[in-house]
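The values are calculated or read from the model by the stated rules, or taken from the named source; none is laboratory data. Remember, it's a predicted structure, so these values are computed and weren't measured experimentally. In this analysis, Cβ positions are derived from the backbone assuming ideal geometry, glycine residues included, and neighbour counts consider all displayed protein chains. For accessibility, only protein heavy atoms count, side chains too; no ligands or nucleic acids. Shrake-Rupley method; radii C 1.70, N 1.55, O 1.52, S 1.80 Å.
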Amino acid sequence: MTSPYRSIVVLTGAGISAESGIQTFRASDGLWENHRVEDVATPEGFASNPVIVHQFYNGRRHQLQQPHIRPNPAHSALARLEYEMSQRPDHKFLLVTQNIDNLHERAGSRELVHMHGELLKIRCAESGLIFEHRDNLQVGDECRCCRVPGNLRPHVVWFGEMPLEMPRITRALDECDLFLSIGTSGNVYPAAGFYESAKSSGAHTVELNLDPTHSHFDEHIYGQASEIVPAFVDRVIRQLDPLT
Ligand code: BJW
């Protein structure tokens, strides 16, 4: 028997990291509870009040590096799925995360796109050069490349900006036969439209989330990511070609 799945794309959102201690965005106690989205998640907000924006990301950067913030079984299961796919010839796997935390890579994922950027990186708004950064960032900090104070910004994608690595994502969606959407409310485009692209490529589409969303997947599985994702991954791995 041959495996039905040879090319898998997984999209993750804030829900996969919730049980690791990182707040989601749109919950009543979420990251935006005390902020207007326009103030902290748009280039216009950053231009008009960079101090507030730096405070918002400095707090999240600090939190991400606390010892209790660790990958959970859902992150580990996706790394296991990638490993199993990599052991089989001509099998493809891509994990696309909207999250800016580093929990997927800490769990072992390598075929990974951070489409909305990375919290532990900053970039020069002038040159586009990207730097690793684990400390607070302040408005007057001098840029490491152009030496101009104020040119540095979080390496994240705000509303109105182009998400990262779209050509790679589009190629993977065009050829996938299984698409999983995990822990995302499906409110933000283009990510919210990926399942439709995958569907038009003939893929089986599955939503794994705590709450129902408005999207029409072929299959819906509801529950905590740390429980439903490892169980679903086990199911997929059982259906892959046996290792020779
Ligand atoms: C659990 C759980 C547990 C909880 N287990 N589950 C009109 C129509 C269509 C589009 C537009 C429009 N007007 C404007 C647009 C475009 C705009 C957009 O989508 N706006 C919407 C508001 C409508 N998009 C953009 O501007 C994007 N760029 C763009 O479109 O460029 C042009 C383009 C065109 C064509 C192709 C390509 C490009 C850029 C979007 C940038 C989003 N940036 C942010 C901030 C990133 C930095 C940061 O982290 O601060 O990204 S916004 C925020 O939302 C963040 C997230 O990645 C993103 C998605 O949120 P997510 O992950 O879904 O979180 P929540 O909180 O919403 O949901 C969590 C889910 O988890 C819930 O469902 C829970 O139930 C669940 N859950 N616990 C399992 N334990």
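The residues of segment 145-163 that are open to solvent by 40 Å² or more (accessible area, probe 1.4 Å) and within 16 Å of the ligand (Cβ to nearest atom), listed by number, are PHE159, GLY160, GLU161, MET162. Return yes or no: is ALA18 at negative phi, among the small types (Gly, Ala, Ser), open to solvent by 20 Å² or more (accessible area, probe 1.4 Å) and in contact (Cβ under 8 Å) with a residue 60 or more places away in the chain? The answer is yes for ALA18. If you go through segment 34-79 and pick out every residue that is more than 23 Å from GLU161 (Cα to Cα) and part of a helix (DSSP H, G or I), you end up with 10. Taking the criterion of being away from the ligand (no atom under 16 Å from the Cβ), farther than 20 Å from GLN55 by Cβ and touching a Leu at 6+ places or on another chain (Cβ under 9 Å), would at least one residue in segment 115-130 satisfy it? So far as segment 115-130 goes, yes, one or more of its residues are away from the ligand (no atom under 16 Å from the Cβ), farther than 20 Å from GLN55 by Cβ and touching a Leu at 6+ places or on another chain (Cβ under 9 Å). When ILE221 is tested against (1) under 17 Å from ALA14 (Cβ atoms); (2) of a type outside the set (Phe, Trp, Tyr); (3) within 11 Å of the ligand (Cβ to nearest atom); (4) in a strand (DSSP E or B), only condition (1) is not met. For segment 196-207, does any single residue satisfy the condition of being near the ligand (Cβ under 8 Å from one of its atoms) and open to solvent by 70 Å² or more (accessible area, probe 1.4 Å)? No, segment 196-207 has no match at all. Residues in segment 126-144 include at least one that is more than 25 Å from ALA192 (Cα to Cα), open to solvent by 50 Å² or more (accessible area, probe 1.4 Å) and β-branched (Val, Ile, Thr). Residue under question is ARG88, and the condition is that it be more than 12 Å from the ligand (Cβ to nearest atom), basic (Lys, Arg) and either in a helix (DSSP H, G or I) or within 30 Å of LEU243 (Cα to Cα) (or both); does it hold? The answer is yes for ARG88.
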